[in-house]
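So the structure is just underneath, and the comments pick up after that.
Values quoted throughout were computed directly from the atomic coordinates according to the rules given, and no laboratory measurement underlies them. Quick caveat, the model's predicted, so the values are computed rather than measured. Heads up, the Cβs are rebuilt from the backbone with ideal geometry, glycines too, and the neighbour counts pull from every protein chain shown.
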Amino acid sequence: MLKRLNMLTLLSLGFYLIVSTPIMAQDNSDQNEAGTQDTSLVFGDGQNGSGNTDYDYEALVKELYGSDEKAEVVPEDIPEEVDQGRKRKAVRGPAPGIFKNSRLNGSYLSFNMSSPYSVSGQLESWYSYIDAGMAVKLPYEVYVESIPLYFLFEVSTFSFENTYPQGGTFAGLAYILQASAIGDQSSAAFGFGFWDSEIGSMLELGYRFRPTKNTFLRVGTRGVLITDIELIGSSWWAELRLSMGFEL
């Protein structure tokens, strides 16, 4: 009988331990979590968890970021503005030339052929022929804004012959002084002069290319206006021109 009581007592004690052990473990875990949350609050309103209010934040900042002195600001060098408005950009035109150390350097000599293809009404009954000429570019230049102008002097022939209603000729030599703007491949010229004894003016546009470094071929058109021609008065004509030149 006593043995049965002892067995029941042990069984009851074991059952009590089995039931009560999870509850105690849960209570301990809740307490540990609460403690952990309390100890995690290290900083609050400038204070740590230990309650030390004398912590040196300036020392911490210097330790993390170095000296708190501000670095001197060195101003960047500002490049000086260059006045590009007055600087001339010359248009490339003539070649270096054959005589680089001569006074002729910068000039050229050209041989020209021309023939009228359109005339005014006063010259429609006049015949014209192929004319020849020679032009010299002078080694001087002047600038208009950024465009260089060159000077040329030309001597050429011209010839018109009238067979209807009455005979007559307008022929001879032309002496023309020109101002020309010369680009890489194109050129323009404007000039005044004498066609025989008559005063006239001309305007020429041309396109050129270089077979060699110091030579060029030029194809262009020229318009000529004569103020007074005997028997017919003022008149004009347009001619095709072919030139071959040598850069000096």
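Treating the beta-carbon of each Lys and Arg as +1 and of each Asp and Glu as -1, no other charges, what is the dipole magnitude of the stretch 108-247 about its Cα centre, to the nearest 20 debye? List each step's numbers first, then the result.
Numbers: 7 positive and 14 negative charges, 119 e Å.
Once rounded to the nearest 20, the dipole reads 580 debye.
Taking each pair of different alpha-carbon atoms in the stretch 108-247 once, compute 1/r for the pair, average those values, and report the inverse of that mean as the Kirkwood hydrodynamic radius in Å to one decimal. Could the numbers behind the result be given before it?
Values: mean 1/r = 0.0637 Å⁻¹.
With all distinct Cα pairs of the stretch 108-247 included, I get 15.7 Å.
Looking at the stretch 108-213, which trypsin sites (Lys or Arg not before Pro) are in a loop (DSSP not H, G, I, E or B) and have at most 11 other Cβ atoms within 10 Å?
Working: sites: LYS137, ARG208, LYS213; in loops: LYS213.
The qualifying sites are LYS213.
Determine the gain in length on full extension of the stretch LEU217-LEU64; use 0.36 nm per residue of separation and subtract their C-alpha separation, reporting nm with one decimal.
Working: separation 153, 0.36 × 153 = 55.08 nm, distance 7.88 nm.
Using 0.36 nm per residue and subtracting the Cα-Cα distance, I get 47.2 nm.
Please give the contour-minus-distance gain from ALA179 to MET113: 0.36 nm per residue of separation, less the Cα-Cα distance, rounded to one decimal in nm. Spell out each step's value before the answer.
Values: separation 66, 0.36 × 66 = 23.76 nm, distance 1.97 nm.
That pair, ALA179 and MET113, stretches by 21.8 nm at full extension.
Return the distance in nm (one decimal) between the two label points of a simple spin-label model at PHE246 and SER125, each offset 7 Å from Cα along Cα→Cβ.
Taking the two extended label points, one gets 4.6 nm.
How would you rank 126-133, 106-113, highest first, on the average number of other Cβ atoms within 10 Å across their residues? It would help to have the intermediate numbers written out before the result.
Details: 126-133: 15.5, 106-113: 18.5.
Result, highest mean first: 106-113, 126-133.
Could you work out the local net charge near THR212, counting Lys and Arg as +1, Asp and Glu as -1, over the other residues with Cβ closer than 15 Å to its Cβ? Walk me through the numbers before you get to the answer.
Values: positive: ARG208, ARG210, LYS213, ARG218; negative: GLU247.
Neighbourhood net charge equals +3.
Among PHE192, PHE246, PHE209, PHE160, rank each residue by its count of other Cβ atoms within 10 Å, from fewest to most, as a rough exposure measure.
Numbers: PHE192 13, PHE246 16, PHE209 10, PHE160 19.
Listed from fewest to most nearby Cβ atoms, that is PHE209, PHE192, PHE246, PHE160.
Report the GluC sites (Glu not before Pro) located in the stretch 135-183 that are in a DSSP loop and have at most 14 other Cβ atoms inside 10 Å of their Cβ, or state none. It would help to have the intermediate numbers written out before the result.
On the way: sites: GLU141, GLU145, GLU154, GLU161; in loops: GLU145.
Hits after loop and neighbour filter: GLU145.
Give me the net charge for the shell around SER197: Cβ to Cβ below 15 angstrom, other residues only, Lys and Arg +1, Asp and Glu -1.
Here the charged neighbours net out to -4.
Once the piece of chain linking LEU225 and PHE192 is laid out straight, how much longer is it, given 0.36 nm per residue of separation minus the C-alpha distance between them? Show your work: numbers first, answer last.
On the way: separation 33, 0.36 × 33 = 11.88 nm, distance 0.97 nm.
Extra length from LEU225 to PHE192 when fully extended: 10.9 nm.
Just the C-alpha atoms of the stretch 154-200: what Rg/Rh do they give, with Rh taken as the Kirkwood radius?
Numbers: Rg = 14.7 Å, Rh = 12.5 Å.
That ratio equals 1.17.
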